[in-house]
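Here is the structure we will look at.
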Amino acid sequence: MTAAALEVAVLVDELMPLLEKLYDLLPEPMGDPTAGTTSHRKAIGSPAPWHAEAGPTLYTISEEARRLEASLRLEVTGRPGRRRGGSDANTVAALHAITDLVHAVPDEHARQAAHIVARWVRQARQVGDVGLEERPRRVPTPPGELPPLCPYCGTWSLRVLPGDGKIWCINGECEDRDGRRPRGHLDRSDVTGDGMISWADGRITKRRDWA
Ligand SMILES: [Zn+2]
């Protein structure tokens, strides 16, 4: 078993319980948009036909899992196989098929598959109500104030995880004084109680310097 094929198996294992959580968030069974079917049941107390985040994320994963399975199957057997229907069970079957098929493709292609499955895991985790991974946000500021500029590149590229205060610059070109992507921590100053950012290279950005 190649390392990449093993990684796909591990990631699919990680994805399965996340998918269940996403299904649980849906107020009613999802129609299959490709088959033109929609549910006619009323979603009582819910203005949206599906959960605002879980629905689209599930749809993306379901679609892409079918496509990835078909492309792996084409590579291994010379045929893409019959297109699966839109049911949840079919998505799970597609994921199991992917886990099997990656053993028979070149390592490079198994690695590409692992990248794709890793992205699904990330996307599933980022759905707010799954609550396993917070979404990065802009730095919170009082109403009417602009968020702080990144002190290294001077753009509004700072993002923070509100729960633990981790902050970083999303500008791919940006480097701190150590030549690394700027990372820091959003804290409150002991002296003034104002917000401040402590950076990995030792730099401190104070609240009053943000404006
Ligand atoms: Zn920056």
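Bear in mind these aren't lab numbers, they're just calculated from the coordinates by the rules spelled out. Being a predicted model, the structure only gives us computed values, none of them experimental. Virtual Cβ from ideal backbone geometry, glycine too; neighbours counted across all protein chains shown.
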Rough spin-label spacing in nm, given labels placed 7 Å along Cα→Cβ, for Asp13 and Arg122: 2.2 nm
Virtual spin-label span in nm between Ala3 and Arg83, 7 Å along Cα→Cβ: 3.8 nm
Calculated FRET efficiency for the pair Asp164/Asp194, C-beta based, R₀ 30 Å, to 0.05: 0.95
Label-point separation in nm, Tyr59 to Glu20, each point 7 Å along Cα→Cβ: 2.6 nm
Asp187 long-range amide H proximity, modeled H, under 5 Å: Met196, Ile197, Ser198
Spatial separation of Cα centroids for the range 71-102 and the range 161-181, in angstrom: 39 Å
For Arg181, residues with placed amide H under 5 Å, excluding near neighbours: Asp176
